[in-house]
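Below is one structure, written out as C-alpha cells; comments come after it.
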Amino acid sequence: MKASRRAVSRTAVKILVSLGVLTVLITVLPWDELWGALRRLSVGVWFGVFGGFVVGHLLGVIKWRRMLYAGRAALTLTDAIRCYAAGLFANLCLPSIVGGDVLRAVLAGKTTGRPEAVVIGSVGDRLCDMASLALLAAVGAFFARASLPGWGANVVGVLLVVGVATLVLFLPLIARRPIDRWPAPFRRPVGRTLVALRRLARAPGVTATVIGISLTIQTGFVLLNGWIGGTVGIDLPIAAWFFAWPLAKVVGLLPISLGGLGVRDAALGVAIGSFGYPVASGVAVSLIWQSVLIAAGLLAGLTWFLLGRRTAEPAGSPFDILARSEVPNHG
C-alpha cells in the first residue's frame, strides 16, 4: 500500500510538471500560430498517422518477443500482445515510458515464470531502442547541418564529436566499474543493464535483428512526424526530422514529466525553431503526435482488458500490480 501511495505521489508531481510546461507554452507562444498550425491537419492525415503508429508497435511486439525468446523466456503471440499493450497503456498513467516497460515485464514474468529473464530481455530491448534513436539523431544531425544557421552547425558538430568521444572513452570505464562501488539505489538497474549488454554481445544475430526492427520502427515514426509537419506548414528536409524528433523523444524519456508530455513538446518546438521555423509549429506537431499516443494508449488498454479476461492475470490498477511485484519501478 505504501509503495502504491508513493507511486501515486510521484506521478502527481510528474503531472504538475507536464501541466506547468504546457501552461508556459500556451502562455508564451502566439496562440494564433499554434491554433492555425493545428487546424491545418486533416482528419485523414491524423488517422493515417494513427494507423502507422499502431503498425509500428505491432512490430514492437515482434521485436520484444524475439529478445525475450533469446533469453529463454517464451511468450505466445497473444500473451506478448497482452503484456505489451499493458505497458503501452501504462505510459499514460506512470511517470515515464520506463514505467510502462516495468509493468510489461512484470506481467510477462508472471506468465513465463522467468521474471529475471524477462527483465533482462526488456532492458536489452530498451537499450537497442535507445541505440537506434541515438544513431538516427546523429545521422540526421550530420546531414541536417547545412539547414542550420552557422552557429547551429558548429554546435551540432561539437556535440557529435563529444558524443562519440564519450562513448569511446567512458562507456568501457563505466562497464568495468564493480557493482559494489555504485550507490546502493543504482546497483540493481546497473547490474541488469550490464547483464543485458553482455547478452547482446553474445548473440550478435539477435542483436542485429532487434536493432534492425527498432531502426525500422523509429524511422517510420520520424517519417510520420515529417508527414504531420508538412501538413501544418513545416517544409523541412527529411534529415532535419531525423535530428529533431529522436532528440525530442530522448528528452521526453527523462523521468520528470508524465510520459514526456509538455517536455517533449517544448523540446521538439525548440529543435524545429533552430531551423528557422516558428516554435509554435513544432509544438503543434508534437501535440498532434501526443494525441496519437493517447488514442493508441487507450486502444492498448482496451486490448489489455479484453485479452486479460482470458487469463489468470492479477486484477487491479497498474500501480497495484507493480506494488505486488518483485520487480521495482526504476522509471
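The values are calculated or read from the model by the stated rules, or taken from the named source; none is laboratory data. Quick caveat: nothing in here was measured; it's all calculated off a predicted structure. Cβ placement follows ideal geometry from the backbone for every residue including glycine, while neighbour counts extend to all protein chains displayed. The protein model used for the area step is the full one, side chains on, heavy atoms only, and it has no ligands, DNA or RNA in it. Shrake-Rupley method; radii C 1.70, N 1.55, O 1.52, S 1.80 Å.
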Checked pairs for the range 20-38, first at positive phi, second open to solvent by 60 Å² or more (accessible area, probe 1.4 Å) and charged (D, E, K, R), C-beta under 9 Å and 6 or more apart or across chains, list as none
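Select from the range 174-194 the residues that are assigned to a helix (DSSP H, G or I) and among the basic types (Lys, Arg) and write down the one among them that is most open to solvent (accessible area, probe 1.4 Å).
It comes out as Arg176.
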Filter the range 112-141 for residues that are more than 20 Å from Thr76 (Cα to Cα) and free of Cβ contacts under 8 Å to residues at least 60 places away in the same chain; the one that is nearest to the chain's Cα centre (by Cα) is Arg126
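Mind counting the residues in the range 200-212 that are open to solvent by 60 Å² or more (accessible area, probe 1.4 Å) and not polar (S, T, N, Q)?
Within the range 200-212, residues that are open to solvent by 60 Å² or more (accessible area, probe 1.4 Å) and not polar (S, T, N, Q) number 4.
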Out of (1) in contact with a helix residue (DSSP H, G or I) (Cβ under 8 Å, 6 or more places away or on another chain); (2) open to solvent by 90 Å² or more (accessible area, probe 1.4 Å); (3) at pLDDT 80 or above, the one Arg114 does not meet is (1)
Reported set for the range 40-75 where residues are open to solvent by 30 Å² or more (accessible area, probe 1.4 Å), hydrophobic (A, V, I, L, M, F, W, C) and closer than 28 Å to Ala105 by Cβ is Phe50, Val54, Val55, Leu58, Leu59, Ile62, Ala70, Ala74
Taking first residues from the range 183-208 that are free of Cβ contacts under 8 Å to residues at least 40 places away in the same chain and over 20 Å from Arg65 (Cα atoms) and second residues anywhere that are of a type in the set (Asp, Glu) and open to solvent by 50 Å² or more (accessible area, probe 1.4 Å), the pairs with Cβ under 8 Å that are 6 or more apart or on different chains are Arg187/Asp180
Among (1) at pLDDT 95 or above; (2) surrounded by 16 or more Cβ atoms within 10 Å (Cβ to Cβ), Ala80 falls short only on (1)
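Looking at Leu247, Leu224, Leu215, Leu197 in this structure, which one is among the aliphatic types (A, V, I, L, M), at pLDDT 80 or above, open to solvent by 60 Å² or more (accessible area, probe 1.4 Å) and under 16 Å from the mean Cα position of the chain (by Cα)?
Testing whether each residue is among the aliphatic types (A, V, I, L, M), at pLDDT 80 or above, open to solvent by 60 Å² or more (accessible area, probe 1.4 Å) and under 16 Å from the mean Cα position of the chain (by Cα) leaves just Leu247.
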Practice prompt. Tell me, yes or no, whether the range 218-238 has at least one residue that is out of contact with any Lys or Arg (no Cβ under 6 Å at 6 or more places or on another chain), part of a loop (DSSP other than H, G, I, E, B), closer than 30 Å to Gly36 by Cβ and polar (S, T, N, Q).
Written response: no
Those residues of the range 5-19 that are of a type in the set (A, V, I, L, M), open to solvent by 80 Å² or more (accessible area, probe 1.4 Å) and touching a residue at least 40 places away in the same chain (Cβ under 8 Å) come to a total of 1
